[in-house]
Amino acid sequence: MPSGVFDSILLKHMWGTDELRAVFNDETRVQKWYDYEAALALAQAELGIIPHAAAAEIAGKAKVGNVDLEAIAAEIRHTKHPLVPALRALQAICHGEHGEYLHFGPTTQDVLDTGMMLQIKQAHAVFVRDLQAIGGVLYRLAERYKDTPMAGRTHAVQALPITFGHKCAIWLAETGRNYQRLTQLQDRMFVGSMVGAVGTQASFGDRAFELDRQVMARLGLGVADISWQPARDRLTEYVGVLGLIGGGLAKIANEIIVLAHTEIDELAEPFSEGKVGSSTMPHKRNPSTCEGIVAVGRTLRHTVALMHDALMQEHERDASAWRLEWKALPEACLMTGAILAQIKDVLAGLEVHPDKMRRNLDALGGFLLSERVMFALADKLGKQSAHEAVYDAAMRGFAQGMTFEQALMANPQVKVALGAAELNSLLDPTTYVGLAPAIVERVLAETRASGWIGSEQFRVEADLTLPDESAPQDPDLEF
């Protein structure tokens, strides 16, 4: 029975997705090793290094379904080696002496690193797809609510009016930057390893460079300029970007939780039939999905730190540090996938309550407009004098339970400078959102110009249902 959250029958839906568990399960892991061995054998045959018949036999038999994973696992425990039992299992099913040409030159880390890179590349397609979908939803939310006023809050309390579309546009811009980070590192990230025991390619002979190019071309990976067995910056950078993605999206989930507080009630995550909030309080509609996203996001942050520990490699290879990646990389990918999938659903069905946003703008009794009043007075009293006058009125009003208008009109200097009619106009929060709608339009225009979410997302007042998704494809393996 599973004993951890990533495979727990009860909890795994919070920490990963079925799609990504299929990428990082043992069957796929071993298959990627065998893909490497098949690509190597076929390329070596093309260069006349091993017989064509041996290469064909190895590639034909290099299927995880042909071996017994439980038996391989038992041998891993017995041999204390992560790869040799899998190689022995494949060799044993190869006809005649053909299996003797299996694993002809590489070291274990060549195979495991390249296999892991193939798995991450497959997961990467999921991340790119889901970020684009999330960007599309955020685009439509920002456009739909660009003029919808709400209270902007700093230090957890009301500050000045903004629009909900402005808040969504901030989320959109941040998500777009993270999409750029994720896609800009692709060429740098997705390379294979064929360097041998200490990185010199000595075991591959004088045609090693050409062999390397052919093997990686078959696997759909780039050729590394030099051994990266002791240099794990690519993988650490990648998980760092996943941390930014997960952290940014968890921040959105946390904001939804805060704005769903009963006393605020401006947003709510989708509610589905049968969802239960409490075993003792039947009325509860808890933001449980968002709470899960926040928890996974915080955990992902610590996985980023673990990858930084894995940077500390000794000499040409260091299995102590390397083993950290066996835990951190799959888990970082699983957690990122869970966050993406869940926040995508939350945003697609997000409940927005403009009426509650408008109600909350009046919660302070007009004090939310102190900046506006101060600048109106500044033209007549001077900025510093205006600040002092508005400050005195605000503090007195808070202490005596007065509205902001009452407190200001109690000051003869303010009453003369502004008058009741002008002050009443100044205290309308819906007309003091600054350039928020224009800022939103600028972000939307920049998003359209960049093309990162696709033109099909640009629908004014469109339904927020997400577009159809297609499962990512494995890298092409030309066997």
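Quote the accessible area belonging to TRP33 in square angstrom, nearest 10, computed with a 1.4 Å probe and with ligands, DNA and RNA left uncounted.
Around 20 Å² of this residue is reachable by solvent.
Based on the Kirkwood radius over alpha-carbon pairs, what is the Stokes-Einstein translational diffusion coefficient of the range 149-236 at 4 °C with 1.567 mPa s viscosity, in µm²/s?
The estimated diffusion coefficient comes to 76 µm²/s.
Which entries of LYS146/LYS356; LYS146/LYS344; LYS356/LYS383; LYS32/LYS80; LYS32/LYS61; LYS61/LYS327 have Cα-Cα distances beyond 25 Å here?
LYS356/LYS383; LYS61/LYS327
Can you tally the net charge around ALA224? Count Lys and Arg as +1, Asp and Glu as -1, for every other residue whose Cβ sits under 13 Å from the Cβ of ALA224.
That sum, taken over residues with Cβ under 13 Å, equals -2.
I'm checking a number: the convex hull volume of the Cα atoms of the chain, normalised per residue, in Å³. What is it? List each step's numbers first, then the result.
Values: hull volume 92.2 nm³, N = 479.
About 192 Å³ per residue, rounded to a whole number.
Can you give me the convex hull volume of the Cα atoms of the range 377-440, divided per residue and expressed in Å³?
105 Å³
Hey, what's the Cα Rg ratio for the range 4-109 versus the globular rule of thumb, 2.2 N^0.38 Å?
1.24
Per-residue accessible area for CYS168 at 1.4 Å probe radius, Å² rounded to 10?
0 Å²
Tell me the Kirkwood hydrodynamic radius of the range 200-267 in angstroms, computed as one over the mean inverse distance between distinct C-alpha pairs.
16.2 Å
Mind checking the angle between helix 26-46 and the chain's longest principal axis? C-alpha axes, 0 to 90 degrees, to the nearest 10.
Approximately 50 degrees, to the nearest ten.
What percentages, rounded to whole numbers, describe P(r) for the range 286-339 computed over all alpha carbon pairs with 10 Å bin width beginning at zero?
25, 42, 22, 9, 3, 0
Within a Cβ distance under 14 Å of ALA449, other residues only, what is the Lys/Arg minus Asp/Glu net charge?
So the environment of ALA449 carries a net charge of 0.
Using only DSSP helix segments of four residues or longer, with each worth -39500 (n - 2.57), what per-residue ellipticity at 222 nm results for the chain after dividing by its residue count and rounding to 500?
My calculation for the chain gives -19500 deg cm²/dmol from helical runs alone.
Take the alpha carbon atoms of the range 301-413, find their radius of gyration, then divide it by 2.2 N^0.38 Å using N residues; give the quotient.
Computed over Cα atoms of the range 301-413, the ratio equals 2.10.
Using only alpha carbons, build the gyration tensor for the range 216-355 and give me the equivalent ellipsoid semi-axes, biggest first, whole Å.
Largest first, the range 216-355 gives 40, 15, 13 Å.
Percentage of Cα-Cα pair distances in the range 60-149 greater than 17 Å, rounded to whole percent?
67 percent
Once the Cα atoms of helix 69-79 and of the chain are each reduced to a long axis, what angle between those two axes, in degrees from 0 to 90 to the nearest 10, is obtained?
Once rounded, one gets 80 degrees.
Treat every Asp and Glu Cβ in the range 177-261 as -1 and every Lys and Arg Cβ as +1, leave all other atoms uncharged, and give the resulting dipole magnitude about the Cα centre to the nearest 20 debye. Can you show the working numbers first?
Numbers: 9 positive and 8 negative charges, 41 e Å.
It comes to approximately 200 debye.
From Cα pairs below 8 angstrom and at least 6 apart in sequence, can you work out the relative contact order of the chain, rounded to a whole percent?
21 percent
The values are calculated or read from the model by the stated rules, or taken from the named source; none is laboratory data. Every value quoted in this text rests on a predicted model; they were computed, and no experiment measured them. All Cβ positions, glycine included, derive from the backbone under ideal geometry; neighbour counts span all protein chains shown. Just so you know, the surface numbers come from the protein's heavy atoms only, side chains and all, with ligands and any DNA or RNA stripped out. Shrake-Rupley method; radii C 1.70, N 1.55, O 1.52, S 1.80 Å.
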